[in-house]
Structures are given as C-alpha cells and as structure tokens.
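Peer 1: Pasting a structure below so you can have a look.
FYI, it's all coordinate maths here, none of it is from the lab. Here the structure is a predicted model, which is why all the values come from computation and not from measurement. Glycine gets a Cβ as well: all are built from the backbone with ideal geometry, and neighbour counts include every protein chain shown.
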Amino acid sequence: MAKVKFEIRDGETAGELTEPDDASLYFIGRIETPFKTLAECPRQGVVDGPLCRIEVFQDFADGLKNIEQFERLQILYWLDLSRRDLLTQNPGLKGRISGTFALRSPQRPNPIGSSMVELVGIEGRFLTVRGLDCVDGTALLDIKPDRCKFSDNRCQ
C-alpha cells in the first residue's frame, strides 16, 4: 500500500524521527475487510460490524490451536498508512489539542491498532470475526484471547 502523508492540522505538532533499530516484528497474517480506504473505516470498530476475515500465515497456523474456546479476541495490527511523527493532535478539528498518547488516534510513533472482536467462525488458518476497523490488507501482528477469561471474569 502507498504511504499516505497527512497534513498537520491547526494546533498539531510533529517531531523529528530517527530510524528505529531496537525492535523487529513478524507479520503473522493479513486482515481482509470491506474497507478499501481510511475514510470507509468505522471509528473504533463496531461490535455488529461487517464480517471480516483474518488469514494467519501457514508458518504461524499452529498458534491457533484451541482458539475456538474464546468468543472474543483482541486483534493487534500494523497501521501502515499512519503518520508516525505527530506529538500533539487536533482530533476532528475541534480545537481540543491533545498529546498523541492521550488519544486512540492511529497517528502515533508505533502505529499498532487494536480491536476487540467477536469470533464468528474458524476454517483452518482463517478466522471470521466482527468488530474490525482497519483497511483491507492490513498486516496482522498478534491475536490474544479476551483477557477477562484469564482473570476469573472480573473485568468490567
């Protein structure tokens, strides 16, 4: 996908980035959604949103063992179209300037997206889910079961 360069809006600031050399990530799959552009993506996802498909690459397929026991999954993905240098942002051009780390904006130094989704079905290394908010073809970073299942359902 081509990198989109967003303009700095009123009140926003950007920092100078250096090339990172302290981490590497494995893309473990690809996400298929009906959203072809950023403008089509819902904000924060919607629980009753459209069906989406997650392909886990063959090299990582064994990692899906027993995933069917969970109704909800946290999906982590790489937002490659995001700007990475914004330090302050003006969401929705509403004039309320906030620091990037005080927002859920996809524009951030490490553009990792996260959605809690409903697991609808599994077919081999392909998951069908609802609740994603990313562009079709987004790289998959990780899948985690709903954390409440590991804390005696004490989550609120």
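Peer 1: Over its Cα atoms, what ratio of radius of gyration to 2.2 N^0.38 Å does region 28-70 give?
Peer 2: Scaled against compact globular proteins, the figure is 1.42.
Peer 1: Please state the Cα pair-distance histogram of the chain with 10 angstrom bins from zero: what percent is in each bin?
Peer 2: All Cα pairs considered, the percentages come to 10, 36, 33, 18, 3.
Peer 1: Also, quick follow-up: To the nearest 20 debye, what is the magnitude of the charge dipole of region 1-104 about its Cα centre, counting +1 on the Cβ of each Lys and Arg and -1 on the Cβ of each Asp and Glu?
Peer 2: 500
Peer 1: OK, next. Between E123, E12, E55, find the one with the highest GNM mean-square fluctuation for the chain; connect C-alpha pairs within less than 10 Å.
Peer 2: Top of the fluctuation ranking is E123.
Peer 1: Sum up the lysine pairs in the chain that clear both bars: alpha-carbon distance under 25 Å and a spacing of 8 or more or different chains.
Peer 2: Lysine pair count for the chain: 5.
Peer 1: Here is a follow-up. R0 = 25 Å: FRET efficiency of K144 with V120, Cβ-based, nearest 0.05?
Peer 2: 0.90
Peer 1: Ok, one more. For the chain, modelled as a GNM with alpha-carbon contacts under 10 angstrom, which of L64, L73, L25 fluctuates the most?
Peer 2: Comparing L64, L73, L25 in the GNM, the peak value goes to L25.
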